[in-house]
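Okay, structure first, notes after.
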Amino acid sequence: MLKPGDPAPAFTLPADDGSVVSLASLRGRTVVLYFYPKDDTSGCTTEACEIRDAWTDVEATGAIVLGVSPDGVASHVKFKRKYSLPFRLLADTDHRVAEAYGAWGEKSMYGRKYFGILRSTFVIAPDGTIRQVFEKVQPKGHAAQILAVLR
């Protein structure tokens, strides 16, 4: 897992709005990059909707929020529309970006082990370094944690 002060790994991913987003193009801005397992599931919806509900405060900080999951663009489009999410969702279908950030790993459910997204958030400073890392994120209350770092 990355730690504060580390350079943020570069990425270029397709977004739900048809654009292609690269970290390099966001240099000079604070970026909140949050990794979540799957569109339109209970925890992921809670997390996304809390960020949406805090959007005015997030936007006032000048930060850019990007949600990342292994779901494809079409899935992201539906999820974003259904919940009126005001930030872009990026499709990391081969989970290379999640792996680069340490947000991909072994998980366990009902005794079955598998690999997937480790729910985590990275606040990237304008200079491209990691400012803050949130590991093992609990969806409820996470927007407040993000805002505390951005303010």
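Within the stretch 18-34, does at least one residue satisfy the condition of being assigned to a loop (DSSP other than H, G, I, E, B) and crowded, with 20+ Cβ neighbours inside 10 Å? Before you say what the answer is, go through the steps one by one.
Quick first cut of the stretch 18-34, residues assigned to a loop (DSSP other than H, G, I, E, B) only: 18-19, 27-30.
Filter again for crowded, with 20+ Cβ neighbours inside 10 Å, leaving none.
No, because not a single residue in the stretch 18-34 is assigned to a loop (DSSP other than H, G, I, E, B) and crowded, with 20+ Cβ neighbours inside 10 Å.
Based on this model, can you work out whether G105 counts as free of Cβ contacts under 8 Å to residues at least 40 places away in the same chain, touching a Phe, Trp or Tyr at 6+ places or on another chain (Cβ under 8 Å), surrounded by 15 or more Cβ atoms within 10 Å (Cβ to Cβ) and in a strand (DSSP E or B)?
For G105, the condition - free of Cβ contacts under 8 Å to residues at least 40 places away in the same chain, touching a Phe, Trp or Tyr at 6+ places or on another chain (Cβ under 8 Å), surrounded by 15 or more Cβ atoms within 10 Å (Cβ to Cβ) and in a strand (DSSP E or B) - is not met.
Do we find that A54 is closer than 21 Å to Q132 by Cβ and touching a helix residue (DSSP H, G or I) at 6+ places or on another chain (Cβ under 7 Å) in this structure? Give the steps one after another, and end with the answer.
On the way: closer than 21 Å to Q132 by Cβ: yes; touching a helix residue (DSSP H, G or I) at 6+ places or on another chain (Cβ under 7 Å): yes.
Criteria met by A54.
Quick check on my filter: what residues within the stretch 49-77 are among the small types (G, A, S), in a helix (DSSP H, G or I) and within 13 Å of the chain's Cα centre (by Cα)?
none
Residue by residue, here is whether (1) touching a strand residue (DSSP E or B) at 6+ places or on another chain (Cβ under 7 Å); (2) of a type outside the set (S, T, N, Q) holds:
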residue: F11; (1), (2): yes, yes
residue: D16; (1), (2): yes, yes
residue: T56; (1), (2): no, no
residue: G62; (1), (2): no, yes
residue: V68; (1), (2): yes, yes
residue: D71; (1), (2): yes, yes
residue: A74; (1), (2): no, yes
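Give me the pairs, please: first residue somewhere in the stretch 49-61 and over 17 Å from K80 (Cα atoms), second residue anywhere and in a helix (DSSP H, G or I), beta-carbon distance under 7 Å, and either six or more positions apart or on two chains.
Final answer for the pair search is D57/L147; V58/I51; V58/L147; V58/L150; T61/L150.
When S69 is evaluated against the numbered criteria (1) surrounded by 20 or more Cβ atoms within 10 Å (Cβ to Cβ); (2) closer than 16 Å to A125 by Cα; (3) polar (S, T, N, Q), which criterion, by number, is the only one it fails?
Every condition holds for S69 apart from (2).
Which of the residues belonging to the stretch 114-134 are within 20 Å of S69 (Cβ to Cβ) and either small (G, A, S) or loosely packed, with under 13 Cβ neighbours inside 10 Å (or both)?
Y114, F115, G116, S120
Sort through I130, I124, I117 and tell me the only one that's more than 25 Å from R27 (Cβ to Cβ), in contact with a Lys or Arg (Cβ under 9 Å, 6 or more places away or on another chain) and either at pLDDT below 95 or among the aliphatic types (A, V, I, L, M) (or both). Even if it seems obvious, please write down each step before you answer.
Numbers: I130 fails: more than 25 Å from R27 (Cβ to Cβ); I124 fails: more than 25 Å from R27 (Cβ to Cβ).
On inspection, the qualifying residue turns out to be I117.
Of all residues in the stretch 124-151, how many are under 20 Å from G43 (Cα atoms) and either in contact with a Leu (Cβ under 9 Å, 6 or more places away or on another chain) or outside any helix (DSSP H, G or I) (or both)?
Within the stretch 124-151, residues that are under 20 Å from G43 (Cα atoms) and either in contact with a Leu (Cβ under 9 Å, 6 or more places away or on another chain) or outside any helix (DSSP H, G or I) (or both) number 9.
The values are calculated or read from the model by the stated rules, or taken from the named source; none is laboratory data. All figures in this text were calculated on a predicted structure; none of them were measured in a lab. Every residue, glycine as well, gets a Cβ built from its backbone with ideal geometry; the counts of neighbours run over all protein chains shown.
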